[in-house]
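> Next up is a structure, given as structure tokens.
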Amino acid sequence: MSIDAAPSATLAPALRTLYLVRFGFAIVWAVLLFLTGTEIGPVSGTLLVLYPLFDVAAIVVDSRAARAGRASAALYANIAVSTLAAAGLAFAVTSGIPDVLRVWGVWAVVSGVAQLAAGLVRRSLGGQWPMIISGAISTLAGTSFFLQAGAENATLSNLAGYAAIGGVFFLVSALRLRRTRGE
């Protein structure tokens, strides 16, 4: 589960750009889900499946950026988990909000652990503490979503908040990478 030290001169800028894109996507996605997520309809259902698919694309970009070294097993595991989450969510949206929260919760826990591991491996690059903290929070939030699925008034609004907070962590990481590399 290690990354050989890819030249930070190329990896850090690539990660910075990726983190900024992920921030923008997360904020737009969160606003759209908040506006449409009172129930599962065509727009909110599409958004729910789209988020893990975007995560897969971002992880692929991340692993290619790390190619000068070796992409960590955590990145490859996260690709598989996010792909399975998208498929699970495609079915869950037809069953209702509790099933969506269960699938999302499991995905958040597993991908949070993978993000935590990748951040720990990359901490020498700088700017990874927000990713490490975000991974830990994702793990806790996922547990909360899973438990919330059993509540009487289960809602999707917490998913929008979760995505927005995750986006902020990506922004902080991008800014920390810039400051750490002295650019």
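> Which angle between 0 and 90 degrees, to the nearest 10, do you get for helix 97-121 versus the longest principal axis of the chain when only C-alpha atoms count?
Rounded to the nearest ten degrees, it is 10.
> Please tell me the relative contact order of the chain in percent, rounded to the nearest whole number, where contacts are Cα pairs under 8 Å and at least six residues apart.
Averaging sequence separation for qualifying contacts and normalising by length gives 33 percent for the chain.
> Leaving ligands, DNA and RNA out of it, work out the accessible area of residue 95 with a 1.4 Å probe and give it in Å² to the nearest 10.
80
> Another question about this same structure. Using only protein heavy atoms and a 1.4 Å probe, report how much of residue 106 is accessible, in Å² to the nearest 10.
Ignoring ligands and nucleic acids, residue 106 comes out at about 80 Å².
> Right, something else. Each residue of the range 21-27 in turn: what ³J(HN,Hα) in whole Hz from Karplus with 6.51, -1.76, 1.60 and θ = phi - 60°, glycine and Pro shown as x?
These are the phi-based 3J(HN,Hα) values: 5, 5, 4, x, 4, 4, 5 Hz.
> Moving on. With a 1.4 Å probe and every protein chain left in place, tell me how much accessible area residue 55 has, in Å² to the nearest 10.
Near enough 10 Å² of accessible area.
> Return the tail of the calculated pair distribution for the chain, meaning the percent of Cα-Cα pairs more than 24 Å apart.
In whole percent, the share of Cα-Cα pairs in the chain beyond 24 Å is 33.
> Another question, then. How much of the accessible area of the chain, probe 1.4 Å, is carbon plus sulfur, in whole percent?
The C+S portion of the solvent-accessible surface of the chain is 68 percent.
> Okay, next question. Comparing 136, 80, 164, which has the greatest mean-square fluctuation in the GNM of the chain with Cα pairs linked when under 10 Å apart?
Residue with maximal mean-square fluctuation among 136, 80, 164: 80.
> Same structure, new question: Can you tell me, using C-alpha contacts under 8 Å and at least 6 residues apart, the relative contact order of the range 21-114 as a whole percent?
Contact order relative to length: 28 percent.
> Per residue, what accessible area does the range 72-139 have, given a 1.4 Å probe and all protein chains present, in Å²?
On a per-residue basis, the range 72-139 sits at 39 Å².
The values are calculated or read from the model by the stated rules, or taken from the named source; none is laboratory data. As the structure is a computational prediction, the values presented were derived from the model and not from experiment. Only protein heavy atoms, including side chains, enter the accessible area calculation; ligands, DNA and RNA are left aside. Shrake-Rupley method; radii C 1.70, N 1.55, O 1.52, S 1.80 Å.
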